[in-house]
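What follows draws every value from the coordinates through simple rules; no lab data is involved. Source: prediction; values computed, not measured. FYI the Cβ positions are ideal-geometry reconstructions off the backbone, even for glycines, and counts take in every protein chain you see.
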Amino acid sequence: MTVDARSDDGAALELRRLVKHYRTGAETVRAVDDVSLRIDGGELVALFGPSGSGKSTLLMMAAAVTRPDSGSVLVGGRDVSVLSDREAADYRMYELGFVRQSIDLLGGASALDNAAMKLFGTGLSAREARRRVAPLLEQLGLGGRLDHRPHQLSMGERQRVMIARALSTDPRVVLADEPTGSLDSQRKHEALGLLRTVTKERGIATLLVTHDAHAVEYADRIRTLQDGVLLDAEQAPIPSHP
Amino acid sequence: MRRRNKDQTLPPAGRLWIGNVFALYRLRLRHRWLQELLAVAGIAAGVALLFASQVAGTSLSGPVQELNRGLVGNSQLQLVGRGGEGFSERTVKTVAALPGVRIAAPILQAQANVVGPGGSRAVTIFGADPRTVKLDGTLLQGFTAQEAAEQETLALPSPIAADTGIRFGDDARLQLGGRTRIVPAAVVGESELGPLNQTSIAVTPLAYLQRLARQPGRVSRILVEADPARLDEVRAGLQRVAGDQLDVRPADYESQLFAVAAQPTSQATTISSVVSAMVGFLFAFCAMLVTVASRRALALDLRLDGYRPSQVIRVLLFDALALGVVAVGVGLALGDALSRSGYGSDVSFLGGAFPLGDARIVTWSSFAIAAGGGLLAAVLGVLAPLRREIFARTPRQDPGGERVRRRIAVAAPVAGAVALIAAVAITAWAPGAALVGLIALGLSLVLLLPIVLRGVVALLGGISGRRKRAIVAIELAMPQLRAREWHARSLAIATTGAIAVFGAVSLQGARANLQDGLDRVTVEVSHVTDLWVTPPGAGDLFITTLFTPTAADAIAATPGVARVERYRGAHLDVADRRVWVLAPPAGAPRPVPPGQVRDGNVEQATAMVRSGGWAVLSKAVAKGLDVKLGDRFTLPSPQPIELRVAAIITNLGWSGGAIVMNAEDFDRGWGGRQAAALQVDLEPGVTASQGRAALAGALGPRSALQVETGPEHSQRQRTSASGGLTRLEQIASLTLIAAVLAMASAMAALLWQRRPTVARQKLDGYGTGAMWRSLAVESGALFVTGCLAGAAFGLFGQVLFSRGLETISGFPVTVTIRFGVAAVSFALVTAAAMLVVAVPGYLVARVRPSLRTGD
């Protein structure tokens, strides 16, 4: 396992007493209520929770998309929840990788172009972006399918393209939002295994938001969010395979 | 799996190479080319409408301006004869001798008809001499001074020669002043005449034309090139020479007069341009909305990946510009083809007073306005719906945006009501501001439409809710009609239909009202005799070409003829307008057209005109002379005469305005016994066709006079007037076609994106038929609401437009609300749009049941 110097100074990602409330008419919804969570470099934490439990809000706050009402999101010791829009965008570009479902791939673009899309925004030329992301796709087992379009790839392969895209700027934190939602059982294992491997090998702090019970096997820690409150492992039932 | 090493460090954020932007565009284009094509088609149609409309506007006065510039060259002033009458050529020497005059160039101008083996064409002949060539106007650029002086041929522009079948060196028949002359013709082209080759003119040496027209030693005007430093001195000198029988005018006076005469047409052009622009823009905007969903997903994706808002804007702006540039290119080509295929204003009715042409004038501003409009629609269509995704820190949740939306929801209807009240006030008290009123009415329609749409949706819900068994199609359509995610697009579709039907109903209704008014004039002014005998040519429509009626005796002696009377008519420049002056014969039963009197008493006015010394005037002419009922004024005829105002009338269908006077007064003013036509009444029992045949025989085959029955002449005037209104008809039709295409394509695209929803609903057991009907209800609700609201506002628009036309232009307009026009426009657009979306709707309804997520 290779870990760069950034992850040595304590937690790579720390959510500290995060609170987010929404007002819908006269009613106030406590989407996230005093949630604290610390993830070290090379650690994969799976976050379970039913729909509406606040998982997505938590993820958006960790991505500096949503500003918390109170609390902070520390990445390498820096609070990213107070960043300006531009700084927040730069944080997402360089320090964060966001893995979402493979249906977000562009239908008309090859695997290589889909994976390079994030790098296009870094100031690299398109050619250089493709050159840099190609080895990553090879490491993820897609070396022979760089020019294939999404409809020519299996669901598992598409998910790997999304992972490559998230890793393309070499982030220290990865947030994964239901990455196995559209995969069959075997592909789920592959995707989760891959996520664990890159987490460990790259020293990344990975927060995996999922409904998928398979994640239990791959996560270092499991936490559950219910009605905006983070439960301890003892308080929440561990999901099991269907 | 290793991290990247140091030489692979990423550059600082913020830069985004154009190559990368292009790569992002190209990658996405592969998968959505059909949507993009639809958007391109939409913008192109809008640009085409706008461009053709602009070209029609500039082409209206272009030929007259070109001709005037080409003729006057470097001259700044001119001395002009009045009412088509010339003056002595000796005046040229007097003018040339004035201090400060560099060149004094005489011109004789005559209306004539050129006849060849292929047909005839009305032309204005210019007689010029070497002094005219020295002015360096483009009209004579291909002629030497010697040719202008000596070459006794009629130089005909190649299009006229082609129309009449006359070739270089052929003898042409020239019908001039009631006589036929055989003249050698020379065909000239662009190299000699430049752009004037497209106008209805002919050129010949001055002395030759004086002989042909039997006006020896006479000229129509003298063009004067003065030393610029002594212009005022020269003007004063010319005034002294002019006395009270000639006028001193700027060299471009003809263009100014034409601008006044063509004002109603150019105003109609402006209004139709505004409607074209609105429909074209909405068309383009609707088309762009088709691609919103995929762009929204892209913007969200890029923001999550860390793209800055400025970078996302660059990516989307490239989308807009790529689309816009292609669409503008296609649109300009389409618009060009449209304008060449006759989309424009027919102003041939002005041909008797101005030399016209078919020149199509395309200016850079036409390009700029059409291209700018297309690009703006593309940019707004791409960026406006994605403001939240681009700028909001939390794109998916936007409580601030919700507040803004609520404020707009309250403010829009209030603003709509204010605009509606303004339109009502303008109709009632200030119809002269009709254009502003129409814009206010259109704005009010757009602002009030959301409320109307909500009302219709509620009504539909109520209809279904009150029944014992709910109407499945309505219940399934209702959530979609209420869904916020589709709201902007639904509203855009309904608004497109509303604006198009509103514009079309307003234009068509006003056109029909104007046509009715003109028909009435035709009956009252032209349909007053059995036969008309006139010299053929451009001046025969309003009967304004004066000639010496030597054939009157021969006609009177023709069997079957009961009475022959001289009808006087001419164009005269009064108060900077080219006015139609007509003087019916003394025995005319209704010398003052009774239906045209707007101020004054018909019987009294008729008696006053009959008694002499009185005239009836159009409102614009009275205003120009600053006179009202009973006031005295001096008519600037060749021999100025004093008259009094007996009544105020409409403009009798002549945009410059009209004056009707006693025949004897006309003879005093024009100093002679000329006629513009002979009115022939037949004996009882002789039909018009029999009379015409008898007259043709009496005049002989070499006669240059034409004989028409009263109804034939009325019909020709009616056809000419209809031609002038073609533009309104064309724009109304194109607007409706554009609306059908815009609404149907946007609706089809909207339905197509519903497939996942429909697939999920079918899991609940709904069949294809039920889904198809629900989609039809949804489409129908939008189409019917938009078009019905547009038709209702269009009825109001008819009244406003008609009253405005009557007030501004003085045209005879019958203000009637035309429900039939509204019903037909509504039914046609709604039915056509429903038919077009039926097929894609069925294909969407046929989708297999599925759990696919995401629309």
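A few notes on this one:
- Ranked list, fewest to most other Cβ atoms within 10 Å of each Cβ, for B:581, B:597, B:418: B:418, B:597, B:581
- The stretch B:738-812 versus the stretch B:528-597: alpha-carbon centroid distance in Å: 53 Å
- Label point at residue B:387 placed 7 Å out along Cα→Cβ; residues across the stretch B:425-446 whose backbone nitrogen lies under 19 Å: B:446
- Normalised by 2.2 N^0.38 Å, where N counts its residues, the alpha-carbon radius of gyration of chain A equals 0.99.
- Sorted by Cβ neighbour density within 10 Å, fewest at the top, the residues B:364, B:654: B:364, B:654
- Under a Gaussian network description of chain A, with springs only between Cα atoms under 10 Å, the residue in A:37, A:124, A:175 that fluctuates furthest is A:124.
- Theoretical FRET efficiency, 1/(1+(r/R0)^6), r = Cβ-Cβ of residue B:475 and residue A:217, R0 41 Å, to 0.05: 0.35
- Note that the stretch B:714-833 carries a Kirkwood radius of 17.4 Å, evaluated over its alpha carbons pair by pair.
- For the stretch B:532-675, fraction of C-alpha pairs farther apart than 20 Å, in %: 45 percent
- Paired Rg and Dmax values of the stretch B:746-788, which use every Cα atom, in angstrom: 11.4, 36
- If R0 is 41 Å, the Cβ-Cβ spacing of residue B:548 and residue B:363 corresponds to a FRET efficiency of close to 0.40.
- Shape descriptor for the stretch B:799-848: Rg over Rh equals 1.40 (Cα atoms; Rh from the Kirkwood inverse mean 1/r).
- Relative intensity, log₁₀ I(q)/I(0), of the stretch B:152-265 from a Debye sum that treats every alpha carbon as a point, q = 0.15, 0.20 Å⁻¹: -0.93, -1.15
- In the protein assembly as shown, lysine pairs closer than 26 Å at Cα, eight or more apart or cross-chain: 12
- Going from the residue with the fewest nearby Cβ atoms within 10 Å to the one with the most, B:429, B:580 rank B:429, B:580.
- Three-way shape label, the stretch B:463-514, alpha-carbon gyration tensor, a/c 1.5: oblate
- Projected area averaged over orientations for the stretch B:627-690, convex hull of C-alpha atoms, nm²: 6.7 nm²
- Cα lying deepest toward the dipole's positive end in the protein assembly as shown, options B:701, B:19, A:110, charges on Cβ: A:110
- Once the convex hull of all Cα atoms in the stretch B:474-601 is built, its volume per residue stands at 259 Å³.
- The stretch A:174-197-the stretch B:39-92 distance, computed between alpha-carbon centres (Å): 73 Å
- With the convex hull of its Cα atoms as the shape, chain B has an orientation-averaged projected area of 47.9 nm².
- Using C-alpha pairs under 8 Å with a sequence gap of at least 6, the mean separation divided by the residue count of the stretch A:109-242 gives a relative contact order of 20 percent.
- Global geometry of the stretch A:43-115, whether rounded, prolate or oblate, following the gyration tensor of its Cα atoms and the 1.5 cut on a/c: oblate
- Hydrodynamic radius (Kirkwood) for the protein assembly as shown, which is based on Cα pairs only, to one decimal in Å: 34.9 Å
- Three semi-axes of the equivalent ellipsoid, the stretch B:639-791, Cα gyration tensor, whole Å, largest first: 66, 23, 13
- In this calculation the C-beta distance from residue B:233 to residue B:631 is compared with R0 = 30 Å, giving a FRET efficiency of 0.25.
- Potential extension, residue B:459-residue B:97 segment - 0.36 nm per residue separation minus Cα distance: 121.9 nm
- Pairs of Cα atoms nearer than 8 Å and 6+ residues apart set the relative contact order; for chain B it is 18 percent.
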